[in-house]
Amino acid sequence: MPGFLRQRPVRLRLALIYSGLFLLAGAVLLTVTYGLVANTLPAGVSSNLAAKAARFANSDSFPGLKTCKQNATSPQATEKCKQEAMQAAQRIAADAAANARSQTLNHLLDYSLAALALMTVVSAVLGWIVAGRALRPVHAITAAARRASEQNLSERIALAGPADELKELADTFDAMLARLEAAFASQRRFVANASHELRTPLAVMRAAIDVTLAKPERTPEQLEAMAAEVRQATEQAERLVEALLTLARSDRGQGPRSALDMAVFAEDALDAAAPAIRASSLRVMSALEPAPAMGDPVLVERLVANLIDNAVRHNVADGWIEVSTGGRDGMAQLSVANGGPVIDEAEVASLFEPFRRLCPHQGHGARDGVGLGLSIAESVVAAHRGQITMRPLPEGGLRILVVLPASR
């Protein structure tokens, strides 16, 4: 029994609280009832009892009255005998009334205390049962938490009943399990995709080296071609590793925060993308107003660069790019729009997933990316408590709007 009680301290405390409150309420009720009864019962001799005592004192059956009258030698002595009999009768009546009052109050107190003790025990038992029923959802939540693991997150409590605090707790726990399941599934997809993406450049390098080494007489031109192919694959792997590191850093949300201007980053990103813009004959329209914000300069710079690079890569020949920055309502804004193929509205949300690319025929240069640009952008915005929205344009292409808290 002590071990059983130690395993259920909350249930025991609730049962003790229920019985303690009942005992306190019963004691208050008993005190009030006792006081009311004590004030209601007469403390002296009632008029009815006094009349009965007077009639008894005047009758010859009163002890000693008849003998006193017979021994009386004068009317004054007879009257004195009657007065003494009356006083004795009043004393007897007062004693009888006091005894009756005391006996009534004692019986009331004894019976009330016995009933209170019995009901206290009953309330403790009922409190134990009620506490167990009230804590049953908590046991279900505990059991679900024990069964939950990385491989088993699909189970839900699905608590039925009134919309009380326990149902709210169970629903919150179910929502947490759903978020964890989605996060682990996304992590598994990310690891699988990253492994696949890293395996591709390594396979290219190995194939180039094996093919070159398999030739009996290797010329310098063949070795240079192999080196160029290996270098290109190495650069692709390096870009992928750098993107993964940036994504991991933005997911942690850690880094120095300082005042920055997204307009400056946008101008630098456009300058860096100028060769690719000229190669694709893209038309650039920019309206770079000051957009002061507070954040990690490295991450925000990568955010702006990824959005502009995405607009250049997933464009069409002789297309267009529109970049604008500014501040509004205490927020810094960056808008990047580009031409390109028409994108279905249902596919827009999936573009933020890691390694999600448009089909190669849908965008110019789509093969060259690693598929992490928009994922990094979304992660950086979330780390800065901002907002990023993306919508397709009717004539083709995308418009992405980033809103970050402005610096004071």
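Rule-based calculations on the coordinates, nothing more; no lab input. Model, not experiment: these values are computed from the prediction. Glycine also receives a Cβ, built like all others from the backbone with ideal geometry; neighbour counts cover every protein chain displayed.
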Computed ³J(HN,Hα) along segment 300-314: with the Karplus parameters 6.51/-1.76/1.60, θ = phi - 60°, integer Hz and x for glycine or proline, the list is 5, 4, 5, 4, 5, 5, 5, 5, 5, 5, 5, 5, 6, 5, 9
Arranged by the count of other C-beta atoms within 10 angstrom, fewest first, what order do 342, 380 take?
-> 342, 380
Going residue by residue through segment 179-184, the Karplus relation 6.51 cos²θ - 1.76 cosθ + 1.60 with θ = phi - 60° gives ³J(HN,Hα) values, rounded to whole Hz and with x marking Gly or Pro, of 5, 5, 4, 5, 5, 5
Tell me the label-point distance for the pair residue 207, residue 164, using the 7 Å Cα-to-Cβ offset, in nm and rounded to one decimal.
-> 6.6
Binned at 10 Å starting from 0, the alpha-carbon pair-distance distribution of segment 165-246 in whole percents comes out as 16, 27, 19, 15, 10, 7, 4, 1
Positive end of the charge dipole of segment 165-246 (Lys, Arg +1 and Asp, Glu -1 on Cβ, about the Cα centre): tell me which of 182, 198, 172 has its Cα farthest that way.
-> 198
Starting from the Cα-Cα distance between residue 281 and residue 117, subtract it from 0.36 nm times their residue separation and give me the gain in nm to one decimal.
-> 49.6 nm
Using only alpha carbon pairs under 8 Å that are at least six residues apart, calculate the relative contact order of segment 256-405 and give it in whole percent.
-> 25
The answer for residue 284, listing residues at least 5 apart or on another chain whose modeled amide H is closer than 5 Å to its amide H, is 321
So what's the gap between the Cα centers of segment 170-187 and segment 120-158, to the nearest angstrom?
-> 20
Between residue 298 and residue 198, 0.36 nm times their residue separation minus their Cα-Cα distance comes to what?
-> 33.6 nm
